[in-house]
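Every number here is computed from the coordinates shown, using simple stated rules; none is lab data. Because the structure is a prediction, the values reported are computed rather than measured. When we count neighbours, we look across all protein chains shown, and the Cβ atoms used for this are built from the backbone with ideal geometry, even at glycine.
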């Protein structure tokens, strides 16, 4: 396994995790990373939807950093080829950490 990150997908939001230990071919340990929104990026709101619509959310930028104080979680490779935690969260392995917050959900 060469991926160094595992991004957790929850509906339309994405949270970055880093791989901290490969236990076996089917089990790895990951730790949540800290993400702070870049203050240079500002949501562009338009009237619509429930209250407003963010038209530039695909351009959002985040500062993502490792935090050794965050909890380590084990994820396992399922028979369908997907990585999941014991609580059912889905993870996708990646060479880069990804943070995305869906302002329109």
- Query: When you go through (1) over 20 Å from residue 95 (Cβ atoms); (2) touching a residue at least 24 places away in the same chain (Cβ under 8 Å) one by one for residue 50, which number turns out not to apply?
  - Reply: (2)
- Within the range 58-77, the residues that are under 12 Å from the mean Cα position of the chain (by Cα) and under 19 Å from residue 22 (Cα atoms) are none
- Count of the range 78-105 residues which are over 30 Å from residue 47 (Cβ atoms) and either surrounded by fewer than 17 Cβ atoms within 10 Å (Cβ to Cβ) or within 12 Å of the chain's Cα centre (by Cα) (or both): 19
- Considering only the range 1-43, state which residues are under 10 Å from the mean Cα position of the chain (by Cα), in a strand (DSSP E or B) and crowded, with 16+ Cβ neighbours inside 10 Å. 5, 6, 7, 8, 14, 15, 17, 18, 32, 35
- Query: Is it true that some residue in the range 57-75 is over 18 Å from residue 12 (Cβ atoms), touching a residue at least 60 places away in the same chain (Cβ under 8 Å) and surrounded by fewer than 11 Cβ atoms within 10 Å (Cβ to Cβ)?
  - Reply: no
